[in-house]
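I have placed the structure first, in the form of structure tokens, so that the comments after it can refer back to it.
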Amino acid sequence: MSVDLTASVPVPAPAAGTTVGPDTAGTATHCAYCALQCATVLAREGDGVTVRPADPAEGGLCRKGWTAPEVLRAPDRLRTPLLRGPDGELAPTDWDTALDFVADRLRALRAGHGADAVAVFGSGGLTNEKAYQLGKFARVALGTSRIDYNGRFCMSSAAAAGNAAFGLDRGLPFPTADLGRADVIMLAGANPAETMPPLMRHLTRADLIVIDPRRTRTAELAALHLQPVPGTDLALALGLFHLAVTEGLLDRAYLDERTSGFDAAWQRALPWWPERVEAVTGVPVADMRRAVTMLAGAGRRYVLTGRGAEQHSRGTDTVAAFVNLSLALGLPGREGSGYGCLTGQGNGQGGREHGQKADQLPGYRMITDPAARAHVAGVWGVDPDSLPGPGLDAYRLLDSLGTPGGPRALLVFGSNPAVSAPRAGHVGERLAALDLLVVADFVPSETALLADVVLPVTQWAEEEGTLTNMEGRVLRRRPVLPPPPGVRTDLEVLRALAVRLGQDPARFPAAPRLVFEELRRASAGGRADYAGVSWERLDAGEELHWPCPAPDASGTPHPGTPRMFLDRFAHPDGRARFAPVEYRGSAEEPNAELPLYATTGRVLAHYQSGAQTRRVPELAAAAPEAFVEVHPDTAGRHGLAEGALARVVSAHGAVVARVRHAPDLRTDTVFVPFHFPGEGRANLVTGAALDPVSAMPEFKLAAVRVEPLRGAS
Ligand SMILES: Nc1nc2c(c(=O)[nH]1)N[C@H]1C(S)=C(S)[C@@H](COP(=O)(O)OP(=O)(O)OC[C@H]3O[C@@H](n4cnc5c(=O)[nH]c(N)nc54)[C@H](O)[C@@H]3O)O[C@H]1N2
Ligand SMILES: Nc1nc2c(c(=O)[nH]1)N[C@H]1C(S)=C(S)[C@@H](COP(=O)(O)OP(=O)(O)OC[C@H]3O[C@@H](n4cnc5c(=O)[nH]c(N)nc54)[C@H](O)[C@@H]3O)O[C@H]1N2
Ligand code: SF4
Ligand SMILES: [Mo]
């Protein structure tokens, strides 16, 4: 395991004598990146900003958070729209030319091929207001069903399993800080020591059970580390459930009062006796027994899943199996215990609630539900019948681009699929087959560089809005800097395009607060109800977790819901449902040609496709290029010297990466982070097997071989 990448950064005190601008006190806002949404204070310094944790006593920021201001002044920050000219090159242009060009092309494509000829790709990085407006723009201004977003690649399996089990999906249905009082926490496929370092201060009291094929920094801190074969978590969870039953650890009273479906789930887990599970997963029976005993003990206990368990073609069933385990032990809906999913992107939670998902309208309403359509159409002032039906999930949407009958234009807001989508080589071809690719971004991402039109937008510290963190708490993002001249907000872009497409400007306000007011009305009565969340309340410092419905008849404001399910689950009968999940194998398994499992994920220094963090010199220096972690024995067998370049080859493509020997890794597994561009894209080796329920791709598993790159050093 690399040392430089995982080094956590101590919390420096704000530099003494720092000269700050007029607002020395600073502006309270939240980090640019992940779903922890650490509270920060920004202060002006010259024409830039400095960032510090809002409450240093509460813990620091991670390295990415500390350095986020550098992206504001990235040397290649986009400051003017770009239009691809007849010479095939992107060249600067003015806003009217760019927007007129886009609107003209969109109109022509719709006229010639129908509304679904235009597709939209959104993001869990967008504020609630942007996510909401993007969904409305697609359904109303474009009339297209073809909208989905990168959250499909992130937490969709956990969301599907959570909705089925609890009737509602909120990543953590309890405040994050509750974890700080836990006695035992199982982390299935999550590495927060690198992906949410400040979360670790809440994980010091509990005994951790970490399930990860790699011995990560998180695993090093665990009381128990289970190191399964990648893609076998489903068998492991079935086996742990089996043991909970056979060892007499069930919480019978809880099962009777609060759940349904136990028998059918138990029938499926019955054949998963411990020795069989050991044979499939490689996890010793004694370790499984210890894990269940720890989790069934007295005290406050949690089961949390991350992408390692979720990003599989059986992700939904895998999460469901972990939920079954937590239900068997009586954890969900109990104060001080529970199940949760560690949602990833800054607005990964809010981004999945406000209607940028193919099957969804604001308030986490389903687009196929006539009552939901009527409500939202009422707020939008349109005929419910004019709203399109459900579209395609993110991968199928990308896969359909430029095919006969498929979309011929794509508008991307807040994602870099040329790097982050599965089967990236193929997705690149689909993007190239479009008649029109429009990308709104603040840096020339790999996807932006493929576009016909690039629209430069504002960044976190230059804009206003709300985000919803992984515990379902609505947070204010506040501006501290004016945007650079020539740069617009995403909401301004959507408004300008909508107006050019014939919409009434009043229907597409660009002021975040106005959009939020409309979002409250659109979400009212929905599953994710924001009606009672107001900017005044947020600005007054109230901590509001959804659901937060409108004030009651007496006018008393709703306090929000920090802890869900304490009395009842969200199904009509108030009970949580066990899922009768069966074991299935992975879409691909190693064979003679491709003898190893490759799995993918993250390192501390970079965020996602790396579009932002690769532009921060300190982070780029810490993790400059793609690498592949290989066990030294495996490396020896395949002639892979430490530091040499190798090709990781799958049935889908090959990635070039520098070899790192990792003595604690399984010998049958290699690991490639997905933060790097070009030949270093991990997604050149991932395939397109999708979960049948969530459409989550199998990011965490490909059969590969690793070979030295001849003639390279
Ligand atoms: N530094 C950094 N932090 C981030 C992000 C980032 O890009 N960089 N992104 C944010 C986002 S959007 C997300 S979704 C979160 C993700 O946060 P995590 O889920 O913690 O991140 P990953 O590294 O994708 O996956 C976690 C672990 O799963 C393991 N794993 C791989 N395959 C398997 C398997 O088959 N079974 C099990 N049990 N484990 C497996 C990997 O070895 C890895 O250590 O992080 C957020 N925070
Ligand atoms: N192999 C593999 N692939 C993966 C994963 C994995 O574990 N392994 N994880 C998946 C997961 S969990 C995720 S979340 C995805 C993420 O992957 P992406 O969707 O590519 O996410 P980012 O790299 O954050 O890309 C965001 C882009 O939008 C820009 N941007 C940021 N904020 C805004 C905004 O407010 N407006 C606009 N217009 N642009 C903005 C950024 O500059 C950047 O270029 O990757 C997925 N891909
Ligand atoms: S943990 Fe996430 S929110 Fe906190 S500073 Fe790091 S990237 Fe930002
Ligand atoms: Mo994510």
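The values are calculated or read from the model by the stated rules, or taken from the named source; none is laboratory data. As the structure is a prediction and not an experimental result, all values here were calculated from the model. Glycine gets a Cβ as well: all are built from the backbone with ideal geometry, and neighbour counts include every protein chain shown. Keep in mind that these areas ignore ligands, DNA and RNA; they rest on the heavy atoms of the full protein, side chains included. Shrake-Rupley method; radii C 1.70, N 1.55, O 1.52, S 1.80 Å.
Tabulated data
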quantity: Relative contact order, percent, region 629-680 [alpha-carbon distance under 8 Å, six or more residues apart]; calculated: 46 percent
quantity: Lys/Arg +1, Asp/Glu -1 at C-beta; the chain dipole; positive extreme among Q356, A111, V443; calculated: Q356
quantity: Ordering of 167-175, 311-319 by burial proxy (mean other Cβ atoms within 10 Å per residue, highest first); calculated: 311-319, 167-175
quantity: Alpha carbon convex hull of region 386-484, volume per residue in cubic angstrom; calculated: 155 Å³
quantity: Dipole magnitude of region 596-708, debye to nearest 20 (Cβ charges: Lys/Arg +1, Asp/Glu -1, about Cα centre); calculated: 180 debye
quantity: Euclidean distance of C-alpha centroids, region 64-83 and region 170-225, integer Å; calculated: 32 Å
quantity: For region 359-374 and region 486-524, distance of Cα centres in Å; calculated: 20 Å
quantity: Mean separation of Cα contacts under 8 Å (6+ apart) over length of the chain, as relative contact order %; calculated: 19 percent
quantity: Centre separation in Å (Cα based) which lies between region 664-682 and region 281-302; calculated: 29 Å
quantity: Cβ charges +1 (Lys, Arg) and -1 (Asp, Glu), total dipole of region 501-646, debye; calculated: 360 debye
quantity: Karplus-derived 3J(HN,Hα), 6.51/-1.76/1.60, for each residue of region 137-150, Hz, glycine and proline x; calculated: 4, 5, 6, 9, 6, 9, x, 9, 8, 8, 9, 8, 7, 5
quantity: Listed residue (A626, T403, V693) projecting farthest to the positive dipole end of the chain, Cβ model; calculated: V693
quantity: All-pairs alpha carbon distance profile, region 156-341, 5 Å steps from 0, percent; calculated: 1, 9, 19, 23, 24, 16, 6, 1, 0
quantity: Debye, to nearest 20: dipole size of the chain, +1 on Lys, Arg Cβ, -1 on Asp, Glu Cβ; calculated: 160 debye
quantity: Length-normalised contact order for region 378-437 - Cα pairs under 8 Å, 6+ apart - percent; calculated: 36 percent
quantity: Spatially proximal aspartates and glutamates relative to K130 (Cα-Cα < 15 Å; intrachain offsets below 8 disregarded); calculated: D148, E353, D441, E462, E463, E464, D490, E492, E517, E518
quantity: Rounded to 5, the percent of DSSP beta bridges in the chain classed as antiparallel; calculated: 45 percent
quantity: Taking the convex hull of Cα positions in region 565-659, its mean projected area over all directions (nm²); calculated: 11.5 nm²
quantity: Per-residue SASA entry for S534, accessible area with 1.4 Å probe, Å² rounded to 10; calculated: 10 Å²
quantity: Theoretical ellipticity at 222 nm over the chain - DSSP helices of four or more residues, -39500 (n - 2.57) apiece, nearest 500; calculated: -7500 deg cm²/dmol
quantity: Too-long pairs where the Cα-Cα distance tops 25 Å, listed order kept, from K136/K700; K357/K700; K64/K700; calculated: K136/K700
quantity: Over the chain, equivalent-ellipsoid semi-axes from the Cα gyration tensor in Å; calculated: 37, 31, 26
quantity: P(r) histogram, all alpha-carbon pairs of region 596-708 included - 10 Å bins from 0, percent; calculated: 16, 46, 31, 7, 0
quantity: Computed over region 68-202, the ratio Rg/Rh where both radii use C-alpha atoms and Rh is Kirkwood; calculated: 1.09
